[in-house]
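Let me begin by presenting the structure, written as structure tokens, before commenting on it.
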Amino acid sequence: MTHDHDLVLRPTEAQTAAALDPPPGRNGGDLVVETLTGLGATTVFGLPGQHALGMFDALRRSSLSYVGLRVENNAGFAADAYGRITGEAAPLLLSTGPGALTSLAALQEAAAASAPVLAISSQVPSAGLGGGRHGYLHELRDQKASFRDIVKSVHTVRTASQIPSAIAEAWESALTAPHGPVWIEISQDVLLAETTLPVVTAIDAAPHDLPPRPELTAVAAHLLSTAARPAIIAGGGVVRSDASGKLLALAERLNAPVVTTFGGKGAFPWTHPLSLQSWMEDRHTTDFLEDADVLLVVGSGLGELSSNYHTFAPRGRIVQIDADLGKLESNHPALGIHADARLALSALLETVEDREDEQARERVSTVLEKVRARIASQDLPLEQRLLASIREALPDTSPSFWDMTILAYWAWSAFDPRHPNTMHSAQGAGGLGYGFPAALGAAAADRTRPVLAVSGDGGAMYSIAELATARQHDLPVTWLIVDDGGYGILREYMTGAFDEATGTELARPDFVALAESFGVPAHRTAPETLAEDLAKSFSTPGPSVLVLPALLRMFAPTHL
């Protein structure tokens with residue numbers, strides 16, 4: 001009798017010969033790039049540094065495509081976007097100490113947004129490890145300690161033979177739901193030392209499935225099938241698990257209205273009669289969700305932004321599905337189901353009963369009418385016109401990346417992404433500078449579609465150096481910079497809280513002239529011509545910049 005675990009793939013004679021006689025001139029860096037190639041990676045991001053040169057030298061002997069950015073944090077944002085768009089682990093190659101630490105904000109965003117980033121950093125020589133003060137360049141007492149609280153897992157490599165296994169283990173961790181960034185560090189001497197180990201071939205590091213427990217889905221299905229007023233909140237987990245089709249089928253079977261969180265944009269069709277869209281920062285939406293007798297929350301932890309700043313007080317029963325165990329019942333008691341969204345929705349579809357509700361679509365329409373009336377009463381036509389112009393010009397399947405700026409805050413609630421996994425922002429961790437480098441990462445993943453980045457002038461200054469990256473790699477990214485002379489959203493917050501703003505007004509360059517100095521075409525645009533200018537930019541190969549001088553305002557909050 002043969003058991004599966006008894007089956008061993010035996011090498012062919014050619015494979016044995018190649019293993020016994022590996023090519024000369026290889027080092028630990030070659031093992032890194034060979035392992036990445038064996039795992040299926042095609043593109044890597046990063047920035048070289050003294051201790052990491054072994055990895056970067058090995059790149060020229062590999063088939064991997066390298067996209068080098070000018071700041072490590074921006075390289076992390078690019079890898080984050082590549083991971084979101086492709087669903088694959090995005091390798092990020094970094095140096096030691098300052099280079100590694102500069103990526104922390106990007107890795108925090110990747111962790112908050114569950115983006116699979118495979119960060120591989122160098123370390124000081126092995127003799128400098130252990131916490132002593134040896135005086136090596138870039139030395140930290142415990143480099144990995146700076147990352148342990150942010151990433152999913154930390155992996156330290158001490159010898160060349162450990163490289164393939166450590167990277168494969170990290171790869172599996174990054175891609176097992178919930179996705180997230182992982183950290184690997186390899187000492188300089190290990191990367192540089194010549195190796196006679198065989199060339200790394202294909203590696204199996206398939207992520208683990210995370211199915212729901214059947215007794216829990218049975219209870220959830222009964223609650224939803226017998227509910228009088230069910231509703232659904234769809235979060236980013238629906239998008240990441242490619243479960244939008246399952247969500248649509250379940251909502252229609254239950255006749256349950258659906259609202260998407262800001263991270264879940266595109267998880268449900270915007271114009272569907274059951275769609276409450278994304279108006280999470282609205283009291284009418286909050287009231288509607290509080291009135292649900294059974295609320296299904298999929299792929300969301302009901303955090304600050306998804307709960308109208310914690311003013312949401314549900315009165316009904318909550319069923320919460322999330323791959324992140326830490327998010328289950330972290331804000332509200334619920335029937336918690338620890339599972340991948342796609343697998344859990346599939347299980348519910350097999351067990352829920354069709355539910356008739358002739359009033360559901362009318363209730364949705366009533367809420368949206370109230371939302372529209374509230375916004376219309378605030379006399380903010382410019383902001384809505386700008387979003388409409390972007391939507392008109394942006395191809396339906398093109399991804400967009402939004403920095404932390406007023407127009408993005410509007411877009412979270414009011415922009416129709418039209419397709420799942422096409423609208424992304426830094427609202428997970430909330431750091432500035434995400435939009436443009438992230439758009440470059442998405443363009444590196446798919447050069448056949450134009451990509452949009454939206455920044456304010458303050459956030460744009462974090463990313464100016466990446467105009468050189470865009471030009472060097474000829475990436476099809478249109479960067480829309482809304483120039484209001486400062487940190488606009490902070491200006492609003494401070495003025496509202498203290499009657500005046502401090503530290504929010506900024507000197508800034510002539511963005512058009514600056515972009516042109518990098519060889520990137522740039523133009524000033526206006527609200528009247530924005531749609532036309534964007535369409536022209538999207539149809540032109542390579543990068544471009546549009547600068548829109550405009551002072552925008554936020555709609556009034558309802559949580560205060």
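The values are calculated or read from the model by the stated rules, or taken from the named source; none is laboratory data. From a predicted model like this one, the values you see are computed outputs, not experimental measurements. Cβ placement follows ideal geometry from the backbone for every residue including glycine, while neighbour counts extend to all protein chains displayed. Just so you know, the surface numbers come from the protein's heavy atoms only, side chains and all, with ligands and any DNA or RNA stripped out. Shrake-Rupley method; radii C 1.70, N 1.55, O 1.52, S 1.80 Å.
Taking segment 20-46 as the search range and keeping residues that are open to solvent by 20 Å² or more (accessible area, probe 1.4 Å) and among the charged types (D, E, K, R), which one is nearest to residue 58 (Cα to Cα)?
Within segment 20-46, the match that is nearest to residue 58 (Cα to Cα) is 34.
If we keep just the residues of segment 274-303 that are among the acidic types (Asp, Glu) and surrounded by fewer than 24 Cβ atoms within 10 Å (Cβ to Cβ), which is nearest to the chain's Cα centre (by Cα)? Outline the logic, then answer.
Applying the first criterion (among the acidic types (Asp, Glu)) to segment 274-303 yields 281-282, 287, 290-291, 293.
With the extra rule that they be surrounded by fewer than 24 Cβ atoms within 10 Å (Cβ to Cβ), the set shrinks to 281, 287, 290-291, 293.
Numbers: 281: 21, 287: 29, 290: 29, 291: 32, 293: 32 Å.
Among those that are among the acidic types (Asp, Glu) and surrounded by fewer than 24 Cβ atoms within 10 Å (Cβ to Cβ), it is 281.
Every residue in segment 210-219 that is assigned to a helix (DSSP H, G or I) and surrounded by fewer than 19 Cβ atoms within 10 Å (Cβ to Cβ), please. Walk me through it before giving the result.
Looking only at segment 210-219, we keep the residues that are assigned to a helix (DSSP H, G or I), and these are 214-219.
If the condition is that a residue be assigned to a helix (DSSP H, G or I) and surrounded by fewer than 19 Cβ atoms within 10 Å (Cβ to Cβ), then 214, 215, 216, 218, 219 are the ones that fit.
Yes or no: segment 533-555 includes at least one residue that is part of a loop (DSSP other than H, G, I, E, B), open to solvent by 10 Å² or more (accessible area, probe 1.4 Å), over 25 Å from residue 473 (Cα atoms) and free of Cβ contacts under 8 Å to residues at least 12 places away in the same chain.
No: zero hits.
Going by the structure shown, is residue 389 open to solvent by 40 Å² or more (accessible area, probe 1.4 Å), touching a residue at least 24 places away in the same chain (Cβ under 8 Å), among the polar types (S, T, N, Q) and not in a strand (DSSP E or B)? Don't jump to the end; show me each part of the working.
Numbers: open to solvent by 40 Å² or more (accessible area, probe 1.4 Å): no; touching a residue at least 24 places away in the same chain (Cβ under 8 Å): yes; among the polar types (S, T, N, Q): yes; not in a strand (DSSP E or B): yes.
No.
Which residues, taken from segment 468-482, are buried (at least 24 other Cβ atoms within 10 Å of the Cβ), over 20 Å from residue 530 (Cα atoms) and among the aliphatic types (A, V, I, L, M)?
470 - this is the single residue of segment 468-482 that is buried (at least 24 other Cβ atoms within 10 Å of the Cβ), over 20 Å from residue 530 (Cα atoms) and among the aliphatic types (A, V, I, L, M).
So is residue 457 open to solvent by 20 Å² or more (accessible area, probe 1.4 Å) and at pLDDT 95 or above or not?
no
Quick one: what pairs do we get from segment 65-85, first residue under 18 Å from residue 464 (Cβ atoms), second part of a loop (DSSP other than H, G, I, E, B) and aromatic (Phe, Trp, Tyr), C-beta under 7 Å, 6+ apart or different chains?
77/434
Every residue in segment 242-261 that is under 22 Å from the mean Cα position of the chain (by Cα) and in contact (Cβ under 8 Å) with a residue 60 or more places away in the chain, please.
Listed by number, the residues that qualify are 242, 243, 244, 246, 247.
Looking only at strands (runs of 3 or more DSSP E) that lie completely in segment 53-171, which have at least 2 residues being within 26 Å of residue 420 (Cα to Cα) and out of contact with any Lys or Arg (no Cβ under 8 Å at 6 or more places or on another chain)? Let's see the steps before the verdict.
Values: elements: 65-68, 90-94, 117-123, 154-157.
Ranges flagged: 90-94, 117-123.
Inspect segment 340-352 for any residue being surrounded by fewer than 18 Cβ atoms within 10 Å (Cβ to Cβ), outside any helix (DSSP H, G or I) and not small (Gly, Ala, Ser) and give the result as yes or no.
No, segment 340-352 contains no residue that is surrounded by fewer than 18 Cβ atoms within 10 Å (Cβ to Cβ), outside any helix (DSSP H, G or I) and not small (Gly, Ala, Ser).
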